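Engineer: Structure in structure tokens, see below.
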């Protein structure tokens, strides 16, 4: 059995095209060529263990993720876990991958795939609200699908923000990266805005004029109570793009506007539906809301695993 | 993160009292001091991936087991998988244990705990129908709770049976171990009979006279269609002992007799209910039917993990 930790995965993802891999995943999603049971979870107080299994024609994988919010106070990762891959023919465990890395890269690539298919091709300015682990990977991958010149980042913890920008500059040395004083300033300067927070109230001003023509990639909300996107945005868009129909059941950024009548279900389209169609989003206001799904995790994990075997990376664990 | 393979676990279980650990597990079960969601599974053709998570006051664990029947033809294990343990305070993965070993030792200890609490104390002759991995561990652990003098084994594949007996003799050198020509001969010679087969029809003669006074430990049936125990036995017993109430939903050896009216639900008692009561089973006919549950896997895995840390066993995997 092969074990791939954080560092192994970091080395490998530089050598593969995660966005292309996710596009294949979305194609499978469109063809319904997989089995993906409803997520199972254990809960205690605010802590959650989340089980995300999926089987496709060629892959068996399960992500098991711990979400322990109080780890933040202990300087430990809030998200941790493993991704297990089994051999498709024999069921034998063949790989264990660091689950937080898989989550971070998959989510980063998911946002980037959204950017590729729902924003203007010439966007050069991008803003991030929520400088955390997920946000970091959003920007890394976004820079692979657009020629980004400027990155603006807004976060309330100024020390954390400074550290975040320093780390990001090392990874993206050719892009101007700077903090924004307010989320309003950030939205004003950016064509694409990524929100990656656990917020329960909108993280951008509820201002139609300000939001008009912007492309929003919303990552954060995965529960009913969580909201990142202000009501005004829904008045500016014809359609809401989602990664999976599960977003309709899971995210406050979809459920609450539906309840308020700001949008209706027929306006919600999955990325797999629109991906193949050539569209010009340059002049449009758009929203891509993603919540993630096991299918995307397993296609990413399998690609990383296969590449690790080829490149002789990782630690072999005797079963 | 600590990884414990088959060999590590084999070394460790010799140093701990698995039956005492399971008794503690049954106590927790009685006190309902745990969270154990319904088992989740992926199915394709005859192949199954089974997810068994459980959280107690002190333990978070998940067993992920592949059941691939066709592996037998490939000379690969039908049951494989992993057991993941997470830190109770931070959720971080702390251990991965070989899942088939955990299953085998847990099931062996489960049968033995059944023997300890539902058979006569002076039983000296034990029979096994179904010489497979589970059966092997049944006998290993049974020998810890009764002073076994003779073991009789019945299996249809004679070559496999011979090999099984040779391997068992090495582990239990002071016990007479011999094959039985028929299951009838086996039942006649044994006071305790363990059935550990995937059979869909009873593996013992449907003969009241023959079965009277025998103690049956039934391991095999975990689906509606699976039956090991003949109808006649149910006429001889006052109560059916089970490890968990889930047996009523899962095992053909419980569901089918209930449907036929051979027993009724009020006769079904869990081991945790009867364990603390002193009872003399010497003259009685008894049936202990177990299907296993995640709670027992996690208490066994945690005990093995804790002991491994103390004894400095296993392979450390950098997260």
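Engineer: Using 1/(1 + (r/R0)^6) with R0 = 56 angstrom and r between the beta carbons of residue B:24 and residue A:258, what's the FRET efficiency to the nearest 0.05?
Structural biologist: Working from the Cβ atoms, E equals 0.70.
Engineer: Count, for each residue of A:55-61, the Cβ atoms from other chains sitting within 10 Å of its Cβ, then give me the mean as a whole number.
Structural biologist: 2
Engineer: A further question on this structure: Treating the angle as unsigned and between 0 and 90°, give the value, to the nearest 10°, between the Cα long axis of helix B:294-311 and the longest Cα principal axis of chain B.
Structural biologist: Taking the Cα atoms of chain B, the angle to B:294-311 is about 60 degrees.
Engineer: When you look at the Cβ of every residue in A:40-49, what mean number of other chain Cβ atoms sits within 10 Å? Mind dumping the intermediate values first?
Structural biologist: Numbers: counts 7, 3, 10, 3, 6, 0, 0, 7, 1, 9.
Mean shielding count: 5.
Engineer: How far apart, in nm, are the 7 Å Cα→Cβ label points at residue A:225 and residue A:72?
Structural biologist: 1.3
Engineer: Within 10 Å of each residue's Cβ, count the other Cβ atoms and sort A:246, A:4 from fewest upward. Don't jump to the answer; show the numbers that get you there.
Structural biologist: Numbers: A:246 17, A:4 26.
Ascending number of Cβ neighbours within 10 Å: A:246, A:4.
Engineer: Assign one of three labels to the range B:70-154, namely rounded, prolate or oblate, based on the Cα gyration tensor with a ≥ b ≥ c the square roots of its eigenvalues; rounded applies when a/c is under 1.5, prolate when it is not and a/b is larger than b/c, and oblate otherwise. Don't skip to the end; give the middle numbers.
Structural biologist: Working: a/c = 4.13, a/b = 1.49, b/c = 2.77.
It comes out oblate by the Cα gyration axes.
Engineer: Same structure again: I need the inter-copy label distances for residue A:279: point set 7 Å along Cα to C-beta, values in nm with one decimal, smallest first.
Structural biologist: For residue A:279, the inter-copy label distances come out at 6.6 nm.
Engineer: In terms of the Cα gyration tensor, with a ≥ b ≥ c the square roots of its eigenvalues, is the range A:204-302 rounded because a/c is under 1.5, prolate because a/b exceeds b/c, or oblate?
Structural biologist: Judged from the Cα gyration tensor, the range A:204-302 comes out oblate (a/c at least 1.5, b/c at or above a/b).
Engineer: On alpha-carbon atoms, Rg over Rh for chain A using Kirkwood Rh?
Structural biologist: On the way: Rg = 18.9 Å, Rh = 19.9 Å.
Rg/Rh: 0.95.
Engineer: Can I ask one more? Starting from the Cα gyration tensor of the range A:90-129, take the square roots of the eigenvalues, sort them a ≥ b ≥ c, and report rounded, prolate or oblate (rounded when a/c is under 1.5, otherwise prolate if a/b is larger than b/c, else oblate). Mind dumping the intermediate values first?
Structural biologist: Numbers: a/c = 5.63, a/b = 2.58, b/c = 2.18.
Cα axes put the range A:90-129 in the prolate bin.
Engineer: Only helical DSSP H runs with n ≥ 4 go in: add -39500 (n - 2.57) per run for chain A, normalise by residue count and round the 222 nm mean residue ellipticity to 500 deg cm²/dmol.
Structural biologist: On the way: 12 runs with 118 residues, N = 319.
So the calculated ellipticity at 222 nm is -11000 deg cm²/dmol.
Engineer: If you line up the long axis of helix A:133-142 against the longest principal axis of chain A, both from Cα atoms, how many degrees apart are they, to the nearest 10?
Structural biologist: Value to nearest ten degrees: 80.
Engineer: Closest beta-carbon to the A-to-B rotation axis: which chain A residue owns it, and what is the separation in whole Å?
Structural biologist: For chain A, the closest residue to the axis carrying it onto B is A:40, 2.
Engineer: Then there's this: Would you mind listing the distances between the residue A:11 label point and the same position in each other copy? Use 7 Å along Cα-to-C-beta, nm, one decimal, shortest first.
Structural biologist: 2.8
Engineer: Where does helix A:99-118 land angle-wise versus the long Cα axis of chain A, in degrees 0 to 90, nearest 10?
Structural biologist: Compared with the principal axis, the helix lies near 40 degrees.
Engineer: Run the label-point distances for residue A:171 please: 7 Å along Cα to Cβ, every other copy, nanometres, shortest first.
Structural biologist: Sorted ascending, the copy-to-copy spacings read 4.9 nm.
Engineer: If I model a spin label as a point 7 Å beyond the Cα along the Cα-Cβ vector, how far apart are those points for residue B:316 and residue B:169 in nm?
Structural biologist: 4.4
Engineer: Another question, if that's okay. Semi-axes of the range A:121-291's equivalent ellipsoid from the Cα gyration tensor, sqrt of 5 times each eigenvalue, largest first, rounded to whole Å?
Structural biologist: 25, 18, 15
Engineer: Given springs between every Cα pair under 10 Å in a Gaussian network model of chain B, which of B:215, B:137, B:41 has the largest fluctuation?
Structural biologist: Maximum among the listed residues: B:41.
Engineer: Report the Cα-based extents of the protein assembly as shown along its three principal axes, largest first, to the nearest Å.
Structural biologist: Result, largest extent first: 89, 48, 42 Å.
Engineer: Mind checking B:29-35 for the average number of partner chain beta-carbons within 10 Å of each residue's beta-carbon?
Structural biologist: So the per-residue partner count for this stretch is 1.
Every read-out reported here was derived from the displayed coordinates using simple, explicitly stated rules and does not represent laboratory data. These numbers were taken from a predicted model, which means no experiment stands behind them. When we count neighbours, we look across all protein chains shown, and the Cβ atoms used for this are built from the backbone with ideal geometry, even at glycine.
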